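Read the structure below first, then the notes.
The values are calculated or read from the model by the stated rules, or taken from the named source; none is laboratory data. None of the values given here were measured: they were computed from a predicted structure. We place every Cβ from the backbone using ideal geometry, glycine too, and count neighbours over all the protein chains shown. In case anyone asks, the SASA skips ligands and DNA or RNA and just uses the protein heavy atoms, side chains included. Shrake-Rupley method; radii C 1.70, N 1.55, O 1.52, S 1.80 Å.
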Amino acid sequence: LAESAKAHFAARAYSDHLALVRAYDGWKDAEAQQAGYEYCWRNFLSSQTLRAIDSLRKQFFNLLKDIGLVGNNSETNNKWSNEE
């Protein structure tokens, strides 16, 4: 079942890195609906690890913002984020 969940995120044609991004994005959507724990349970993911990734992501964003590489406009910053 765990391999099936991984294959779902990978969509067979994508790298493990993109599978992780898809798993994270799905978790963020589930968290917004207060269903993050259930999402992790169904997909054999660690909510603790996903929270750590989320924290690191915020830290990296703040560092990039502090040195002027990105601004406050998330639409501009994420212009190419879904371009595989």
Heavy-atom accessible area per residue of the chain, all protein chains kept, 1.4 Å probe, expressed in Å², is 82
Using the Cα centre of the chain as the reference point, and only Cβ charges (+1 on K/R, -1 on D/E), how large is the resulting charge dipole? Debye, rounded to the nearest 20.
100
If R0 = 41 Å, then Gln34 and Asn72, at their Cβ-Cβ distance, give a FRET efficiency to the nearest 0.05 of 0.90
Longest segment of the chain with no trypsin sites (Lys or Arg not before Pro) in a DSSP loop having at most 15 other Cβ atoms within 10 Å?
13-78
Amide hydrogen neighbours beyond the local backbone of Ala35, cut-off 5 Å, H modeled
none
Rounded to the nearest percent, how much of the accessible area of the chain (1.4 Å probe, protein heavy atoms only) is carbon and sulfur?
54
Quick one: net charge around Phe60, please, counting Lys, Arg +1 and Asp, Glu -1 for every other residue with C-beta under 14 Å from its C-beta.
+1
Taking semi-axes √(5λ) of the Cα gyration tensor in Å as the quantity of interest, determine which of (i) 26, 16, 11; (ii) 24, 16, 10; (iii) 33, 14, 10 was computed from the displayed structure.
(i)
PRE reach from Arg57 (point 7 Å along Cα→Cβ): which of region 1-30 fall under 12 Å by backbone N?
20-30
